[in-house]
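Written out below as structure tokens is the structure these notes cover.
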Amino acid sequence: MTDLVPGAPRRGRERTDRELGRARAAGAIPWPLGVPAALGVLFLVVPLAALLVRAPWSALPRVLWDQAVLDALRLSLLCATAATGVSFVLGVPLAWFLARSPWRLVGILRALVTLPLVLPPVVGGVALLLALGRTGIVGEWVYRWTSFSLPFTTWGVVVAETFVAMPFLVVTVEGAFRAADQGYEEAAATLGASRLTTFARVTLPLVAPSLGAGAVLCWARALGEFGATITFAGNTPGRTQTMPLLVYLALEDDLDAAVALSLVLLLVSVVVLVALRDRWLRPVSVA
């Protein structure tokens, strides 16, 4: 039957050649790529494996049921969640502005917003003190009017974690806003939807996977924050002492306790990432 259609055998051969090409491309990895890839895997996995091997499993219940550990874990989870919430409320509109604004200086603004990604966390803590401390350029006026000082409080922990974690959400969501098909938004506007309604009911659902991925990255970064927290909020047990700070203190006196606490943070992070992987962190397939 294919003989009756001109060019059919050639098209069949071209299709077969494409299929063979895809199979070869998906086959064995050439060694110039495979060797550094394997080294990269080892570099990332071996330290985690060492943590599991050296973990004091027999002493783990004793360490974990210590009241200081429970307080630090509770504070870490609460502050990381609060920081993610604040980052979501502030970061999503900011990401939309960076992605859609025609403003010429938006590139400079983007660089400033993403600066905490590369800024040493301790420097970020110092900057927060100079801005929001009792004698800071903003904090001084807040303290005069309200007698409230933000540093060295639980809210100070949330602010420090938000400062270092929000850029992760902004960068992730901005890329999604840029890649989203604006034809749906234009169709909604044609049907009479307001800009706010279009944003809430059309734009946000389009970028929902990136919103989830950005929130997860933000939460994980906030959970592991150390430098900005200890600089801006201090290390008061039950008030500002999060799990990373407790790990640092335990490392000076009790290595087994430090390993056990590190294992807790590792397990919490793994559980969250695995639980959200299928819904938000699934790789995008290209047809």
Dividing the mean separation of Cα pairs under 8 Å (6+ apart) by the residue count of the stretch 60-280 yields a relative contact order in percent of 31 percent
Relative to the first principal axis of the alpha-carbon coordinates of the chain, what is the inclination of helix 67-100, with its axis defined by its Cα atoms, in degrees from 0 to 90 and to the nearest 10? 50 degrees
Highest GNM mean-square fluctuation, the chain, Cα pairs closer than 10 Å: which of LEU33, LEU263, LEU245? LEU33
Fewest-first ordering of CYS218, CYS79 by Cβ atoms within 10 Å yields CYS79, CYS218
Subtracting the Cα-Cα distance from 0.36 nm times the residue separation, let me have the gained length for ALA200 to LEU60 in nm, one decimal. 45.8 nm
Mind putting together the pair-distance distribution for the stretch 88-170? All Cα pairs, 5 Å bins, whole percent per bin, short to long. 3, 14, 20, 20, 18, 14, 8, 3, 0
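First measure r as the distance between the Cβ atoms of VAL35 and ALA193, then evaluate 1/(1 + (r/R0)^6) with R0 = 45 Å and state the FRET efficiency to the nearest 0.05. Numbers along the way, then the final one.
Working: r = 54 Å, r/R0 = 1.19.
Given R0 = 45 Å and the Cβ-Cβ separation, E is 0.25.
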Relative to the longest principal axis of the chain, what angle (0 to 90°, nearest 10) does the C-alpha long axis of helix 121-132 take? 60 degrees
Taking every pair of distinct Cα atoms and averaging 1/r, then inverting, what Kirkwood hydrodynamic radius in Å comes out for the stretch 60-280? 19.0 Å
Specify which residue in the list LEU52, PHE163, THR146 is farthest towards the positive end of the charge dipole of the chain, using unit charges on the beta carbon of Lys, Arg (+1) and Asp, Glu (-1), about the Cα centre. PHE163
As a footprinting exposure proxy, order THR197, THR203, THR229, THR153 by other Cβ within 10 Å, with the fewest listed first. THR197, THR153, THR203, THR229
Give the angle, between 0 and 90 degrees and rounded to the nearest 10, that separates the Cα long axis of helix 8-25 from the longest principal axis of the Cα atoms of the chain. 20 degrees
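Values quoted throughout were computed directly from the atomic coordinates according to the rules given, and no laboratory measurement underlies them. Computed from a prediction, not measured in an experiment: that's the story for all the values here. Don't worry about glycine lacking a Cβ; one is built from the backbone with ideal geometry, like all the others, and counts go over all protein chains shown.
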